[in-house]
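Remarks on the structure that follows.
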Amino acid sequence: MQQTGKRSWAEPYKIKMVELLKMTTKQQRQKAIREAGYNTFLLKSEDVYIDLLTDSGTSAMSDRQWAGLMQGDEAYAGSKNFYNLEKSVQKHYGYKYMIPTHQGRGAENILSKVLIKEGDIVPGNMYFTTTRLHQELAGGTFVDVIIDEAHDPQNEHLFKGNVDLDKLKNVIAEYGAQRIPYVCVAVTVNLAGGQPVSMENMKQVRELTQQHGIKVMLDMTRIAENAYFIQQREKGYSVRSIKSLVKEICSYTDGATFSGKKDALVNIGGFLALNDEEYFNEASNLVVVYEGLHTYGGLAGRDMEAMAVGIEESVQDEHMKARVGQVLYLGEMLMKQHIPIVTPIGGHGIFLDAKRFLPHVRQDQFPAQALAAELYVDAGIRSMERGIVSAGRNARTRDHYYPKLELVRLTIPRRVYTQAHMDVIAESVVNVYEQRNKIKGLEMTYEPKYLRFFQARFGRI
Ligand code: F0G
């Protein structure tokens, strides 16, 4: 049927079960955030109205996935669900070998231990917290090779996740290919604001690294969202399916780590995928030490089944259009109200630019952390700091890293909230923006050694 004029679209699913939410008063929320040390990670979920802390493990599973849970084969070894997951990974991502892990960082640990030696350099398109830490714990040093545009929240580059080939060439020239076990390419780039990498860039990185015998390892945690942006924005790809784009992205790499808790619509799970048999054998051996036998890797059989089904659902065009469409809906509403956000709007959430939102708060007084706390108090909406607290300290000098991006992430879980929820979120952000001059910075009163953003505590200045 030929469509004329503009048509609305809606989610390609309907709701079968609901979870009731608790409503709280402002006084209750003020007390809750104080007790949580102004860290949204330390709030109790039951005190939250709309939970935008993360899109990780928070998606709604389909009836097919729930049916998959009932088909869990809980054998210690060789569960049939392992083989279903392996088949799904081979079919949709094209990798030869797959080792399940309890979640993404389990795979990062194994990959880092297998490939990185003391003194190695690991270039990547912006750091991710757990990924960089595992690289460092294995003796490596992360070097950022993302394009400069990624560090500018207002730059409108359509593929702000791209690797800067000149930066990568310089790193190779400076340290030598021998010291670079692999380049870590993430799609879409979480800390840049969910920004995609173009297919052209994937090909160029492949070409350049091949000349030097350097591997490419993919952090494919949100790969279907990246494929959607390629389909929508990159010349020549609008006729391609998400499915085929996802597989093509993987084809330019040698392996991948995957957190199934995002794209793959499950509450727990991940894997390490590899094409090289020797590395696979080594990784299968190591996974036994840290996760579990190589045919379950810390997961129950039912978890692997739900992930196998979720992967299939995640690469459907209709699904991705609704998923990213909801994020765009919220983002465009905020832009109309002149709220400073990272643009172009990314795949998994809206990132408020705390530097422009709270220009009167110095970065070492944690503006994004303070803003996240304030948003919670206003309407019970939980977000996450992605700025100086998340960036942590330089392992050598012990100084704070001062990232250019000081952001608050409003992350949208998949298939969970409605358009009306998006309206309520926008109203709350606008309300806080109108009172932004009253918001003060914070001081850190407790700082844990690793990944401090999860457990640090703060007090009001
Ligand atoms: N890579 C990326 C890009 C991620 O966003 C995450 C997790 C991981 C790896 C690690 O996976 O949590 O399964 O161990 N991101 C979550 C988030 C925590 O909220 O962005 P994991």
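Pairs of Cα atoms nearer than 8 Å and 6+ residues apart set the relative contact order; for segment 1-112 it is 13 percent.
Which value, in Å to one decimal place, does the Kirkwood hydrodynamic radius take for the chain when every pair of different Cα atoms is included?
Values: mean 1/r = 0.0444 Å⁻¹.
Over the chain, the inverse of the mean reciprocal pair distance is 22.5 Å.
3J(HN,Hα) along segment 285-298: 6, 5, 4, 4, 6, 9, 10, x, 4, 5, 9, 9, x, x Hz, from the Karplus curve 6.51 cos²θ - 1.76 cosθ + 1.60 with θ = phi - 60°, whole Hz, x for Gly and Pro.
So what is the calculated 222 nm ellipticity per residue for the chain, using -39500 (n - 2.57) for each DSSP H run with n of 4 or more, over all residues, to the nearest 500 deg cm²/dmol?
Values: 16 runs with 183 residues, N = 461.
Per the formula, -12000 deg cm²/dmol.
Summary value for the chain: 23 percent relative contact order, contacts being C-alpha pairs under 8 angstrom separated by 6+ residues.
Rolling a 1.4 Å sphere over the protein heavy atoms, what is the accessible area per residue of the chain, to the nearest Å²?
Working: 19940 Å² over 461 residues.
On a per-residue basis, the chain sits at 43 Å².
Note that segment 161-170 has calculated 3J(HN,Hα) couplings of x, 4, 6, 7, 5, 5, 4, 5, 4, 5 Hz, one per residue in order, obtained from phi through the Karplus relation 6.51 cos²θ - 1.76 cosθ + 1.60 (θ = phi - 60°); glycine and proline are x.
Split the accessible area of segment 1-149 by element, probe 1.4 Å, and carbon with sulfur accounts for 53%.
Of Thr24, Thr188, which has the most accessible area and how do the rest follow, probe 1.4 Å? Can you show the working numbers first?
Working: Thr24 30, Thr188 5 Å².
Sorted by accessible area, descending: Thr24, Thr188.
Rolling a 1.4 Å probe across all protein chains gives Lys113 an accessible area of roughly 90 Å².
Could you list, in their original order, any pairs among Lys91/Lys160; Lys262/Lys438; Lys262/Lys321; Lys87/Lys117; Lys169/Lys247; Lys6/Lys321 whose Cα atoms are separated by more than 24 Å? Don't jump to the answer; show the numbers that get you there.
Numbers: Lys91/Lys160 29 Å; Lys262/Lys438 36 Å; Lys262/Lys321 16 Å; Lys87/Lys117 32 Å; Lys169/Lys247 26 Å; Lys6/Lys321 16 Å.
In this structure, Lys91/Lys160; Lys262/Lys438; Lys87/Lys117; Lys169/Lys247 lie more than 24 Å apart at Cα.
Each residue of segment 372-389 was assigned a 3J(HN,Hα) from its phi angle through the Karplus curve 6.51 cos²θ - 1.76 cosθ + 1.60 (θ = phi - 60°); the sequence is 4, 5, 5, 4, 5, 4, 4, 9, x, 8, 9, 10, 9, 6, 9, x, 5, 5 Hz, with glycine and proline shown as x.
Could you sort Asp55, Asp303 by accessible area so the largest value comes first, with the probe set to 1.4 Å?
Details: Asp55 0, Asp303 35 Å².
Final ranking, largest accessible area leading: Asp303, Asp55.
Just how much of Ser238 is accessible, in Å², when a 1.4 Å probe is used and the result is rounded to the nearest 10? Approximately 90 Å² for this residue. In this simple spin-label model, placing a label point 7 Å from the Cα along the Cα-to-Cβ direction at both Lys16 and Lys336 gives a separation of 3.4 nm.
Largest accessible area first, the residues Leu286, Leu245 order themselves as Leu286, Leu245 under a 1.4 Å probe with ligands, DNA and RNA left out.
What number comes out for the charge environment of Lys336, summing +1 per Lys or Arg and -1 per Asp or Glu over other residues with Cβ under 13 Å away? Before the final figure, lay out the partial values.
Numbers: positive: none; negative: Glu332, Asp423, Glu427.
With Lys, Arg at +1 and Asp, Glu at -1, the net is -3.
One equal scatterer on each Cα of segment 225-326, no solvent, Debye formula: the resulting log10 I(q)/I(0) at q = 0.15, 0.24 Å⁻¹ is -0.72, -1.28.
With all pairs of different alpha carbon atoms counted, what Kirkwood hydrodynamic radius in Å does segment 353-461 show?
Working: mean 1/r = 0.0683 Å⁻¹.
Roughly 14.6 Å, rounded to one decimal.
Can you give the Kirkwood hydrodynamic radius for segment 112-263, in Å, rounded to one decimal and based on Cα pairs? Before the final figure, lay out the partial values.
Values: mean 1/r = 0.0651 Å⁻¹.
After inverting the pairwise mean of 1/r, the radius is 15.4 Å.
Counting only DSSP beta bridges with both residues in the chain, the antiparallel share comes to about 65 percent. Take every DSSP beta bridge whose two residues both sit in segment 63-314; close to 50 percent of them are antiparallel.
Quantify, in whole percent, the carbon and sulfur part of the accessible surface of segment 321-461 (1.4 Å probe; protein heavy atoms only). Of all accessible area on segment 321-461, carbon and sulfur atoms account for 49 percent.
Measuring nothing but how far apart in sequence close Cα pairs (under 8 Å, 6+ apart) lie, relative to its length, segment 63-314 scores a relative contact order of 32 percent.
The values are calculated or read from the model by the stated rules, or taken from the named source; none is laboratory data. As the structure is a prediction and not an experimental result, all values here were calculated from the model. Cβ: placed from backbone, ideal geometry, glycine included. Neighbour counts: every protein chain shown. Please note that ligands, DNA and RNA were not included when accessible areas were found on the heavy atoms of the full protein model with its side chains. Shrake-Rupley method; radii C 1.70, N 1.55, O 1.52, S 1.80 Å.
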